[in-house]
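The values are calculated or read from the model by the stated rules, or taken from the named source; none is laboratory data. Model, not experiment: these values are computed from the prediction. A quick note on method: Cβ atoms are made from the backbone with ideal geometry, for glycine too, and the neighbour counts reach across all protein chains shown. For accessibility, only protein heavy atoms count, side chains too; no ligands or nucleic acids. Shrake-Rupley method; radii C 1.70, N 1.55, O 1.52, S 1.80 Å.
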Amino acid sequence: KDVTIAACGPLVYEALCAAKELAKKNISVEVINNHTIKPLDADTILTSLKKTKVLVTVEEHQIAGGMGSAVCEMLSQNFPVPVEMIGVKDRFGESGEPNELLEAFGLTSLHIVEAVKKVLKRK
């Protein structure tokens, strides 16, 4: 009832970990496994946002032109709400261990928790 997190791919797990952590702080999170960007499951996202009124998108690639952008484009035409986007912020990829890369690019559950706190201030 407090916030929606729309995540895709392996970062759905990180979103679920963030939701579990936020529940300890009495923040109710609905996590959507947004498994496709095109076609975008607008109905599921809109149904959730009509309850929560705020969104965090989580993806493991560039935000610009990715899932976060697609969701924001759809929301701008249907149901504008505050959004925070977790993803790669316009930089080149790197090589390394998966967990190190998630941390380096700000894609962990801790980063998601911080984004939720930030977006809730704008609710």
**Asked** Do we have any residue at all in the stretch 80-87 that's touching a residue at least 12 places away in the same chain (Cβ under 8 Å), over 19 Å from A18 (Cα atoms) and not acidic (D, E)?
**Response** yes
**Message:** With the structure loaded, tell me whether K51 is at pLDDT below 95 and closer than 22 Å to K1 by Cα or whether it fails that test.
**Reply:** no
**Request:** Would you check if there is a residue in the stretch 102-122 being outside any helix (DSSP H, G or I), loosely packed, with under 14 Cβ neighbours inside 10 Å and in contact with a Pro (Cβ under 7 Å, 6 or more places away or on another chain)?
**Result:** yes
**Asked** Looking only at the stretch 29-57, which residues are hydroxyl-bearing (S, T, Y), open to solvent by less than 30 Å² (accessible area, probe 1.4 Å) and not in a strand (DSSP E or B)?
**Response** S48, T52
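When you go through E73, E94 one by one, which is the residue that is surrounded by fewer than 17 Cβ atoms within 10 Å (Cβ to Cβ) and either part of a helix (DSSP H, G or I) or basic (K, R) (or both)?
E73
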**Complete:** Among (1) under 21 Å from K1 (Cα atoms); (2) under 14 Å from the mean Cα position of the chain (by Cα), I27 falls short only on (2)
**Message:** I'd like to verify a number: residues in the stretch 10-28 that are surrounded by 15 or more Cβ atoms within 10 Å (Cβ to Cβ) and either assigned to a loop (DSSP other than H, G, I, E, B) or among the β-branched types (V, I, T) (or both), how many?
**Reply:** 2
